[in-house]
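Here is the structure we will look at, set down as structure tokens.
The values are calculated or read from the model by the stated rules, or taken from the named source; none is laboratory data. Remember, predicted model here, so these are calculated numbers, not experimental data. Positions of Cβ are generated from backbone atoms using ideal geometry, with glycine treated the same way; all protein chains shown enter the neighbour counts.
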């Protein structure tokens, strides 16, 4: 009897295409396994896409995390959709856009706290409970008071809260999946998130066009997806032992000073971050205000010209007769998400063949052209330059996102990967917090400050995009210069490089 059972089990594993060598590692998630007995997760685990990516004992975790990534992908889409809501439905101002963008970009500053909290708090807990809190904040978007300012703050805080799950789930990959199949599993999860983001973007775009007063139902829908994802994620089997627990008494300030010393002493990585920051600052400074300039400086003027019958040419074009929600939603949300998703596989293969600096130079060049087109659209009061510029920017961002995730690994020795990633993310958060506020000053005619009162702004209007284009071009040149003298990845040259 035992021999027959063993033979039957071996036959089942052979039918599933599971190699014996792939199943010899440590059990999934710290020694725990879980069988699925029906339900959506069970059906997912039987899909060929999952069966071919990880051995059988890891498929329950991958099935549950697939459900979770449907919610996270939907949540990601809310940044662009929220800018559309602010400008075309709620009548938000430049200040509201600045608040949303600063909270969204600045949220990365909190990422080092996740690693520090992970010494005592399980990573799985930092995925589930903050996600539930973020869902609660999305429900609050239906509040009948506060107007666009409260909406911007609430959605922005949801992005701040979500930084904890975003970092913690990356650490959980190390716990849940074997190193031999980790890349395949994470690639599948990110593909699911991208498809979910695009689907929710299309749904939100359509809903905002037909039922703008009920815009908050989209946020409630995403909140429901997040909660459902958390319920699935909570079922991922993990060890009760916190492998990230540390009992050393190193203070955060001491760790920060040591990391800063290593950063400034590595000239290659320092120059890479300086070149990266030029175009990165431009992107955070100007991108959110595409919705502002397109709505207030282009569509509003064209509508006024058409109404007064003094600008026949200004009132024509492909956008004639379309609402601001339809035009801005397509240019600022739908088209970027679609092109980023479609272009990412091409850029992934491209980045395997070139250095991060060479790749970033290409992406910065595309961004420079995109912002120049936005500037021309503002000057000429035409929509098509915004459309083409948005397409180019999105295509570049399809590779830029991959480059952002992997570029720091090029410079780090194995023992410093975590440190270099932390520095990279923290600098991104600093730019993301400051740059939108600088953009607000540059675009505004006046700015109201809580302590200093009303002060004049630079009032550049669409001229902000010329400045962003110049910074992006400078970043492209800086990265090209570094690529021309690059000695190769540090892991090939040893830790002494």
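Are any of the residues in the stretch 155-166 farther than 17 Å from residue 135 by Cα and either at pLDDT below 95 or surrounded by fewer than 21 Cβ atoms within 10 Å (Cβ to Cβ) (or both)?
no
Regarding residue 378, is this residue outside any helix (DSSP H, G or I) and either surrounded by 21 or more Cβ atoms within 10 Å (Cβ to Cβ) or in contact with a helix residue (DSSP H, G or I) (Cβ under 9 Å, 6 or more places away or on another chain) (or both)?
Answer is no for this residue.
If residue 144 satisfies all but one of (1) crowded, with 17+ Cβ neighbours inside 10 Å; (2) not in a helix (DSSP H, G or I), what's the number of the condition it fails?
Residue 144 satisfies every listed condition except (1).
Does residue 231 satisfy being outside any helix (DSSP H, G or I) and either more than 23 Å from the chain's Cα centre (by Cα) or farther than 20 Å from residue 96 by Cα (or both)?
Against the criterion (outside any helix (DSSP H, G or I) and either more than 23 Å from the chain's Cα centre (by Cα) or farther than 20 Å from residue 96 by Cα (or both)), residue 231 does not qualify.
Only one residue in 471, 460, 427 is modelled with pLDDT of 85 or more, out of contact with any strand residue (DSSP E or B) (no Cβ under 6 Å at 6 or more places or on another chain) and under 16 Å from residue 292 (Cβ atoms), so which one is that?
460
Quick check on my filter: what residues within the stretch 85-127 are part of a helix (DSSP H, G or I) and closer than 10 Å to residue 164 by Cβ?
Residues satisfying the conditions are 107, 110, 111, 113, 114, 117, 123, 125, 126, 127.
Can you pull out the residues in the stretch 204-228 that are surrounded by fewer than 22 Cβ atoms within 10 Å (Cβ to Cβ) and not in a helix (DSSP H, G or I)?
Within the stretch 204-228, just 211 meets the criteria.
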